[in-house]
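**Student:** Could you have a look at this structure, given as structure tokens, before my questions?
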Ligand SMILES: C[S@@+](CC[C@H](N)C(=O)[O-])C[C@H]1O[C@@H](n2cnc3c(N)ncnc32)[C@H](O)[C@@H]1O
């Protein structure tokens, strides 16, 4: 979506602000250390500042560009007629790219619209983005919790989620979200769950549900939220 027309905000704006503030504080400490001729401390603070600035740059790139590019590749396999569900769709970064590839299909986005997880997060914002991207006619937005999906069994052909499931604070809650995704996916349907934490747990829950066709892969530097230690992993599965 390099020519995207919607406005997609910033993921976890508090975390990004923390990196920027941290870099500014470290730069100030660097300046003070050099002013008082404490060279060793000055060099240590300078290295810390550069490292934090690099992390902030990586984070900004991923949230504004990288995740769109990675998901574009993931969604290219859509055939165009699927019923797709995006768990924790936020302002629609993935949902609306998917909808653009579904001329005869349908895309449903479910979210609680939490502002601390994405800046400007609101159903009205996502609706406006759907209109701006020219896909409003094939997009439905639902307010709900992914731990209790308001859909019947086997309702979707494809379920996607990007950086959303980790926001559920407990292991049991995240497992419940995976079980719900599995329930509403039709047999033969595909799951694509991207997250930077807990992805090994998601894989294990799916295996426990009898899903054998499941794999986990690193999505690469374009999906780093600050560096390789915050890399995003994709859990890809097909329901038997
Ligand atoms: C970092 S944002 C990612 C949004 C979108 N997937 C993207 O990649 O731009 C995480 C989203 O998960 C949503 N979320 C968090 N907990 C949720 C829950 N239990 N049920 C549904 N949505 C949830 C938040 O409101 C937020 O929109």
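**Student:** So which helices (runs of 4 or more DSSP H) are wholly in region 107-214 and hold at least 1 residues that are touching a residue at least 60 places away in the same chain (Cβ under 8 Å) and either more than 14 Å from the ligand (Cβ to nearest atom) or over 17 Å from the mean Cα position of the chain (by Cα) (or both)?
**Tutor:** 123-132, 171-184
**Student:** Being under 26 Å from residue 222 (Cβ atoms) and touching a residue at least 12 places away in the same chain (Cβ under 8 Å) is the requirement here; does residue 27 meet it?
**Tutor:** On the way: under 26 Å from residue 222 (Cβ atoms): no; touching a residue at least 12 places away in the same chain (Cβ under 8 Å): yes.
Criteria not met by residue 27.
**Student:** Considering only region 6-14, I want to know if a residue exists there that is outside the structural domain of residue 119 (by TED's automatic domain parsing), more than 16 Å from the ligand (Cβ to nearest atom) and not in a helix (DSSP H, G or I).
**Tutor:** Scanning region 6-14 turns up no residue that is outside the structural domain of residue 119 (by TED's automatic domain parsing), more than 16 Å from the ligand (Cβ to nearest atom) and not in a helix (DSSP H, G or I).
**Student:** Could you pull out the residue among 148, 194, 177, 130 that is in the same structural domain as residue 84 (by TED's automatic domain parsing), touching a helix residue (DSSP H, G or I) at 6+ places or on another chain (Cβ under 9 Å) and surrounded by fewer than 21 Cβ atoms within 10 Å (Cβ to Cβ)?
**Tutor:** When all the criteria are applied, what remains is 148.
**Student:** Okay, next question. If I ask for residues that are within 16 Å of the ligand (Cβ to nearest atom) and out of contact with any strand residue (DSSP E or B) (no Cβ under 9 Å at 6 or more places or on another chain), which ones from region 79-99 would you list?
**Tutor:** 97
The values are calculated or read from the model by the stated rules, or taken from the named source; none is laboratory data. Computed from a predicted model, the values in this text were never measured in an experiment. Here the Cβ is made from the backbone with ideal geometry for all residues, glycine too, and neighbour counts use every protein chain on show.
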